[in-house]
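Novice: The structure that follows is given in the form of structure tokens.
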Amino acid sequence: MNRWTWQQLHDLEYVTVPSWQEQGAQMVFTARSGGGSRPPYHSLNLGLHVGDVDEVVLENRRRMMKIFEAGLEDMVSCQQVHGNAVGVVKAEQRGQGAMSDQTSITGLDGMITDQPGLILATFYADCIPLLFFDPARQVVATAHSGWKGTYLRIAEKTVAAMVKKMGSCLENIQVFVGPGIGACCYRIQSELLYKVIDGFSDFSDIIYEDEVGYTWDLKATNEQILMGAGIPADNIITCPLCTACDAGRFFSYRRDGGVTGRMGAAIALRK
Ligand SMILES: [Zn+2]
């Protein structure tokens, strides 16, 4: 049985992990349906920086916040600079990045909090969302892991920060590796191929070769980074859905040639 599932609120569809809900954390990864944006951002585009109408994006974000029974003022976002910096978000940072990208927490791709009701939100069109939950310490985290974040091992940095700054034990940290571009679609050129082979020389089954060239399995790479960091394999829940394969459900930067919307990955501890 899958440990993740689709749920719905009105006409908004999202992926979630039911066992996390039972243990005190709500986690959401949105599909593209149920919003007000027009093509090519149709319809639940949550990205303010992609050329869509700001007012419509904010209304779309409000719809996502309704899943949490919260408002935009409860959300916090970071800049997502394709780095591997992870920071602890405090109560007073609530609302940063919710209404405008200019107020996003600068320089971070990962956020951690122990503040109930503070919703950590990051945005995606193919990159891999990583969501973390420690039910014992009641701590949640999110990390944006595209090829750069994966290469820079942001998954490992997030785990280390949860242990060091929040007192989490490795065996209690659960991780959701969310929908993102799959090995079926993530074709890479030789320059990146050599970096990957070099950077992950002890990993298995992360590069595939076909008659055209090579593809990279970012999700499998993140799984092996997490296990290498001490997370038990049973604590890792991977969603196999590929954002580039499913145009009906997901935005995809690769598939849509760069002009497209963004899905949201959000997590919060119950108030
Ligand atoms: Zn695919």
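No lab work stands behind these numbers, since they all come straight from the coordinates. Here the structure is a predicted model, which means the values were calculated and not measured. Quick reminder, even Gly has a Cβ in these numbers, built from the backbone with ideal geometry, and neighbours come from all protein chains shown.
Novice: Rounded to whole Å, give me the distance from the Cα center of the stretch 83-105 to that of the stretch 1-58.
Specialist: When both Cα centres are located, 19 Å separates them.
Novice: First select every other residue whose beta carbon is under 12 angstrom from the beta carbon of A233; then total the charges, Lys and Arg +1, Asp and Glu -1.
Specialist: Charge balance near A233 sits at -3.
Novice: Taking every DSSP beta bridge that has both residues in the chain, what percent is antiparallel when rounded to the nearest 5?
Specialist: 75 percent
Novice: Could you tell me how far the Cα centroid of the stretch 123-146 sits from the Cα centroid of the stretch 203-271, in Å?
Specialist: Result: 12 Å between the Cα centres.
Novice: With a Förster radius of 30 Å, plug the Cβ-Cβ distance of E209 and Q102 into 1/(1 + (r/R0)^6) and report the FRET value to the nearest 0.05.
Specialist: Details: r = 44 Å, r/R0 = 1.45.
Calculated transfer efficiency: 0.10.
Novice: Same structure, new question: Would you tally the net charge around E69, using a Cβ to Cβ cut-off of less than 15 Å, leaving E69 out, and scoring K and R as +1, D and E as -1?
Specialist: Combined, the nearby Lys, Arg, Asp and Glu give +4.
Novice: Thinking of the chain as a set of Cα atoms, what percent of all their pairs are more than 28 Å apart?
Specialist: 29 percent
Novice: Turning to a different aspect of this structure: Quickly work out the Q23-to-E55 label distance, labels modelled 7 Å from Cα along the C-beta direction, and quote it in nm with one decimal.
Specialist: 4.4 nm
Novice: Okay, moving on. Which GluC sites (Glu not before Pro) from the stretch 11-85 combine a DSSP loop assignment with at most 10 other Cβ atoms within 10 Å?
Specialist: none
Novice: Distance in nm between label sites at L193 and R137, each 7 Å beyond Cα in the beta-carbon direction?
Specialist: 4.1 nm
Novice: Cut-off under 12 Å on the C-alpha distance; same-chain residues fewer than 8 positions from K271 excluded. Which aspartates and glutamates are left, in chain and number order?
Specialist: The qualifying aspartates and glutamates are E69, D74, D114.
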